[in-house]
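Heads up, the thing below is written out as structure tokens.
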Amino acid sequence: MRENLAELIDREVKDPRVSAAGLVSINHVELNADMSIARVYTSFFGGKEAGADAAIAGLNAASGFLRGPLGRRMNLARSPELRFVHDTSPEFNQRLANIVADDDARAAQRSDDDDD
């Protein structure tokens, strides 16, 4: 479902709010027990940072349009309702990696200073 949605969004969604947010990445899709609702965790790269909320609104506006083609591609009798959510975990992971890298650089600098 993740790959099909990513391809459909890339090819079919023409909403300027979505294209202004940059590259759209579908990170994870969660279906509820009866498969009637799919929460689609989405992140954006290369666009305006403030545009993520607008892009989510654009994707949610296009969700009804995406349901039909998604269901046909996956041979589903009933396609789930799509609910797009901004996934901030990639940004969090990048900030965490930057903190660790900075800490390693400081430790290496202190080690070099102690050797002198």
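The values are calculated or read from the model by the stated rules, or taken from the named source; none is laboratory data. What you are looking at is a predicted structure, and each value in this text was computed from that prediction instead of being measured. Because the Cβ atoms are built from the backbone with ideal geometry, glycine has one as well, and the counts that use them run over all protein chains shown.
Going by the conditions given, is Ser63 surrounded by 14 or more Cβ atoms within 10 Å (Cβ to Cβ), among the polar types (S, T, N, Q), over 17 Å from Ala21 (Cβ atoms) and touching a residue at least 12 places away in the same chain (Cβ under 8 Å)? So Ser63 fails the test.
The condition of being in contact (Cβ under 8 Å) with a residue 12 or more places away in the chain, over 25 Å from Ser19 (Cβ atoms) and not aromatic (Phe, Trp, Tyr) holds for only one of Arg83, Arg78, that being Arg78.
Residues that are at pLDDT below 95, of a type in the set (A, V, I, L, M) and within 20 Å of Glu91 (Cα to Cα) do not occur anywhere in region 31-47. Within region 14-44, track down each residue that is touching a Phe, Trp or Tyr at 6+ places or on another chain (Cβ under 8 Å), surrounded by 15 or more Cβ atoms within 10 Å (Cβ to Cβ) and of a type in the set (A, V, I, L, M, F, W, C). Within region 14-44, Ala21, Val24, Ile26, Val29, Val40 meet the criteria. Among residues of region 1-30 that are over 12 Å from Gly51 (Cα atoms) and small (Gly, Ala, Ser), those with a beta-carbon under 6 Å from a residue that is at pLDDT below 95 and not in a helix (DSSP H, G or I) at least six positions away or on a different chain give the pairs Ala6/Ile26; Ser25/Ser43. Looking only at region 68-108, count every residue that is at pLDDT 85 or above, of a type outside the set (Asp, Glu) and in contact with a strand residue (DSSP E or B) (Cβ under 6 Å, 6 or more places away or on another chain) and tell me the total. Total satisfying the criteria: 5.
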